[in-house]
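Engineer: Let me give you the structure first, and then I'll get to my questions.
The values are calculated or read from the model by the stated rules, or taken from the named source; none is laboratory data. Remember, it's a predicted structure, so these values are computed and weren't measured experimentally. We place every Cβ from the backbone using ideal geometry, glycine too, and count neighbours over all the protein chains shown.
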Amino acid sequence: MPESARLTLYSYWRSSASYRVRMALNLKGLDYDIRPVHLVKDGGQQHSAEYLKLNPQGLVPALVDGQTVITQSLAMLEYLEERCPAPALLPTDPVGRARVRAIAAAIACDIHPLNNLRVLKHLVDKLGVDEGAKLAWYRHWTETGLQSVETMLASDAGDFCHGNEPGIADCCLLPQVYNARRFNCDLSALPRVQRICSNLEGIEAVRRAAPEQQPDAE
């Protein structure tokens, strides 16, 4: 990607999908602007007519590169990898790339969709689920999902999800664990997950992607 190119990321500070993309952008050393989209204020700014022109799903993040708008965080991670190959966030071999994508998908496609804001809101507002049951739902799907990831990490994990350099799987793992901690999930049976997240949190580029470091943090 040319050094002069500057990306814009429409992001919410606590959105784990936005967090993934911030991590990737920072790990690749790319310049970008943050445009906050508050998921609660004004009935949810992601539902505004202006934002829906960017992302018809009404979800964050959205990544703008010139005239190109990309939605879906996994697509953004792949796009950044192709547009700016170094430093690489995917292994060079097909088996390794498939493994990393599988871990990322297990988190982004299987754990996260069951527990994001719109699902939790629907449970409460439309189905009448009380706070205790909502938290039990969240913890069940997060803990069982992360236990599967823990097992997946038994092979080929090093300092990070795949070997000794952070990659796309790590960009998905840490935000999910951040949310798990926030909701007091039991992570005691996940030593590999916890070790990898600790290693990630020691990287300055990753720390700058953390929710509390964002301009819209509350």
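Engineer: Would you be able to tell me the number of residues in the stretch 191-210 that are buried (at least 21 other Cβ atoms within 10 Å of the Cβ) and either outside the structural domain of Y138 (by TED's automatic domain parsing) or in contact with a helix residue (DSSP H, G or I) (Cβ under 6 Å, 6 or more places away or on another chain) (or both)?
Structural biologist: So the first thing to find is which residues in the stretch 191-210 are buried (at least 21 other Cβ atoms within 10 Å of the Cβ), and the list is 193, 196-197, 200, 206, 209.
Next cut, either outside the structural domain of Y138 (by TED's automatic domain parsing) or in contact with a helix residue (DSSP H, G or I) (Cβ under 6 Å, 6 or more places away or on another chain) (or both) only: 193, 197, 200, 206, 209.
Residues that pass the stated criteria total 5.
Engineer: Another question about this same structure. Considering each of L39, L120, L59, L80 in turn, give the residue that is over 25 Å from P166 (Cβ atoms) and crowded, with 18+ Cβ neighbours inside 10 Å.
Structural biologist: L39
Engineer: Turning to a different aspect of this structure: Does E150 meet the test of being farther than 25 Å from R207 by Cβ, within 19 Å of the chain's Cα centre (by Cα) and modelled with pLDDT of 95 or more?
Structural biologist: no
Engineer: Can you go through G145, G128, G167 and tell me which one is closer than 25 Å to L39 by Cβ and either touching a residue at least 12 places away in the same chain (Cβ under 8 Å) or among the hydroxyl-bearing types (S, T, Y) (or both)?
Structural biologist: G145
Engineer: Where in the stretch 10-117 are the helices (runs of 4 or more DSSP H), entirely inside, with at least 2 residues that are under 16 Å from the mean Cα position of the chain (by Cα) and within 19 Å of C171 (Cβ to Cβ)?
Structural biologist: Those helices (runs of 4 or more DSSP H) span 16-27, 73-83, 94-105, 112-115.
Engineer: If you take the residues in the stretch 71-114 that are of a type in the set (A, V, I, L, M) and touching a Lys or Arg at 6+ places or on another chain (Cβ under 7 Å), which one is nearest to Y138 (Cα to Cα)?
Structural biologist: Per the criteria, the residue is L77.
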